[in-house]
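The values are calculated or read from the model by the stated rules, or taken from the named source; none is laboratory data. On a predicted model such as this, the values are computed, not experimentally measured, just so you know. Cβ: placed from backbone, ideal geometry, glycine included. Neighbour counts: every protein chain shown.
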Amino acid sequence: MVGGFGPRLLAIALALLGFHYYLLPPLNSFTWKNELSAVGIFGGAPSISVFHCIAAVALVISAQRRATENLRRSRDELQIAIEDQKRSEPHGPPAKCI
């Protein structure tokens, strides 16, 4: 996995700003675009909504992958620790004296 959670959020924010700047009228401007229906570009709002949903799904998937990888790493470390403990005991657990 390259980057992390912060760089991914930065990439999403920059993509949204680029979409806002280049694709929504008035073009090449960061002015507030509150009259999308009057301009006839009400189609931009669903595009932004879809982009937000896809970005949220991507974030959830990346968090799930990271959690899965951490669990696998913990499992492997635990397995190694158990094997080391078994090797350190010469003949199994100590016998009980009656």
Query - Positions within segment 36-57 being more than 13 Å from residue 16 (Cβ to Cβ) and modelled with pLDDT of 75 or more, in sequence order - result: 57
Requested in this report: Test residue 11 against the criterion of being at pLDDT below 80, part of a helix (DSSP H, G or I) and among the aliphatic types (A, V, I, L, M), and give yes or no.
Outcome: no
Query raised in the report: Looking only at residues in segment 22-34 that are within 24 Å of residue 57 (Cβ to Cβ) and surrounded by 12 or more Cβ atoms within 10 Å (Cβ to Cβ), which one is modelled with the lowest pLDDT?
Result: 24
